[in-house]
């Protein structure tokens, strides 16, 4: 670790926040409001000029909050102990990261092995935050939940403006317009936010999930729970367990009926590091009414719908299928604030006593570390593909 000295002469960890360079990425890893706790803990924060502009945070706000703003990327990374990112670092950055630097971000480790191998060769340690364990101590660091909540909200708004009909019940002098019917597949964080948002807009909402335990949450938001008829389908990590045989057949039969009746389907079934399960078949899409909309929040994992094209919006048989993968970035001001809050908590766990910890026995650090000491580890190994289509488990 490169050390500097603060006014008291004690070791100071230097934290660098580069500008995100991936196309369409407007978020920033730290916002000015998140700096107070870090500076109070003795960390020194340096931000690249323009890093927060896309999220509504000008350079002056960082300076006022106590960070140093620099325009030169090489200068920013020189001597940095920890580099914080939302998305992937650029090739230019990777070339300038020094041995012993620790990179932290939402790096989708299982899908970016080539990048991790390059970082390992440079001696950069890496923590990928989608791998945070689902334990109570890590909840305040859970970037996946924060971003999924934003995606669930924005996904419903996307559907609302694309539907050729109103969401709520409208009673006018010209007649009564029935409310739109929305089906949410997967009642995790994104799914529950989608349910709440669709209900606020006045839609009639149903939610499909193979985990009976989520029924109470779904119904508390005013939606109808679609019962698959299985006793339990949940793993110890909170995700849905895989169905097979008659249970899987029954799942598809029930889902098919409800998809056909829906004006809008929001799919959210995605587990970090795995391909998204194919839950909506081409035949199901063909059975939907023209003008219907599917918003596939699992598009980054290939999509829950067989016809989803990640990053694109397509129309098939009169049904619009939205496969955009940048929903969280489209709400960069608030999602950056949420992400920065998660990141600050993780950083304060990573750094103790003026040093970056490398304790892989720690439940949080061990789970998120994918590169250490020049070697790939843990989830950096290619993940085996599931033998069959998993059940719907929301983000």
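Scan (1) at pLDDT 95 or above; (2) crowded, with 17+ Cβ neighbours inside 10 Å; (3) at positive phi for the single condition residue 20 breaks and write down its number.
For residue 20, the exception is condition (3).
Go through segment 216-254 and give me each residue that's surrounded by 15 or more Cβ atoms within 10 Å (Cβ to Cβ), within 23 Å of residue 153 (Cα to Cα), at pLDDT below 95 and under 25 Å from the mean Cα position of the chain (by Cα).
If the condition is that a residue be surrounded by 15 or more Cβ atoms within 10 Å (Cβ to Cβ), within 23 Å of residue 153 (Cα to Cα), at pLDDT below 95 and under 25 Å from the mean Cα position of the chain (by Cα), then 239, 240 are the ones that fit.
Given the structure, is residue 155 in the same structural domain as residue 369 (by TED's automatic domain parsing) and either modelled with pLDDT of 95 or more or more than 25 Å from residue 86 (Cβ to Cβ) (or both)?
No: the conditions fail for residue 155.
Take the residues of segment 40-65 that are out of contact with any strand residue (DSSP E or B) (no Cβ under 7 Å at 6 or more places or on another chain) and free of Cβ contacts under 8 Å to residues at least 60 places away in the same chain: which is surrounded by the most Cβ atoms within 10 Å (Cβ to Cβ)?
65
If we scan segment 73-87, do we find a residue that is within 25 Å of the chain's Cα centre (by Cα) and more than 15 Å from residue 15 (Cα to Cα)?
Looking through segment 73-87, at least one residue is within 25 Å of the chain's Cα centre (by Cα) and more than 15 Å from residue 15 (Cα to Cα).
Applying the selection to segment 349-369, what residues are more than 14 Å from residue 44 (Cα to Cα) and free of Cβ contacts under 8 Å to residues at least 24 places away in the same chain?
357, 359, 360, 361, 362, 366
Out of 275, 296, I need the residue that is touching a helix residue (DSSP H, G or I) at 6+ places or on another chain (Cβ under 8 Å) and closer than 25 Å to residue 111 by Cβ. Which one?
Among 275, 296, only 275 is touching a helix residue (DSSP H, G or I) at 6+ places or on another chain (Cβ under 8 Å) and closer than 25 Å to residue 111 by Cβ.
Any residue at all in segment 291-301 that's modelled with pLDDT of 95 or more, crowded, with 21+ Cβ neighbours inside 10 Å and assigned to a helix (DSSP H, G or I)?
Yes, there is a match, as at least one residue in segment 291-301 is modelled with pLDDT of 95 or more, crowded, with 21+ Cβ neighbours inside 10 Å and assigned to a helix (DSSP H, G or I).
Can you name the residue in segment 188-213 that is under 18 Å from residue 250 (Cβ atoms) and touching a helix residue (DSSP H, G or I) at 6+ places or on another chain (Cβ under 8 Å) and, of all such residues, is modelled with the lowest pLDDT?
The extreme case among them is 210.
Condition test on residue 341, is it within 30 Å of residue 16 (Cβ to Cβ), more than 16 Å from the chain's Cα centre (by Cα) and either buried (at least 19 other Cβ atoms within 10 Å of the Cβ) or touching a residue at least 60 places away in the same chain (Cβ under 8 Å) (or both)?
no
Just wondering, is there one or more residues in segment 107-122 that are surrounded by fewer than 23 Cβ atoms within 10 Å (Cβ to Cβ), out of contact with any helix residue (DSSP H, G or I) (no Cβ under 7 Å at 6 or more places or on another chain), closer than 24 Å to residue 345 by Cα and in contact (Cβ under 8 Å) with a residue 24 or more places away in the chain?
Among the residues of segment 107-122, not one is surrounded by fewer than 23 Cβ atoms within 10 Å (Cβ to Cβ), out of contact with any helix residue (DSSP H, G or I) (no Cβ under 7 Å at 6 or more places or on another chain), closer than 24 Å to residue 345 by Cα and in contact (Cβ under 8 Å) with a residue 24 or more places away in the chain, which makes the answer no.
So, residue 334, is that one within 30 Å of residue 128 (Cα to Cα) and at pLDDT below 95 or not?
no
Of all the helices (runs of 4 or more DSSP H) wholly in segment 26-91, which have at least 2 residues that are within 14 Å of residue 343 (Cα to Cα)?
Answer list for segment 26-91: 35-40.
If we keep just the residues of segment 263-290 that are at pLDDT 95 or above and crowded, with 24+ Cβ neighbours inside 10 Å, which is farthest from residue 128 (Cα to Cα)?
Filtering first and then ranking leaves 264.
Tell me which strands (runs of 3 or more DSSP E) are completely within segment 165-214 and hold 2 or more residues being assigned by TED's automatic domain parsing to the domain that holds residue 270 and surrounded by 15 or more Cβ atoms within 10 Å (Cβ to Cβ), or say none if there are none.
Per the criteria, 181-185, 204-208.
The values are calculated or read from the model by the stated rules, or taken from the named source; none is laboratory data. Keep in mind that what you see is a predicted model, and the values were worked out from it rather than measured. Here the Cβ is made from the backbone with ideal geometry for all residues, glycine too, and neighbour counts use every protein chain on show.
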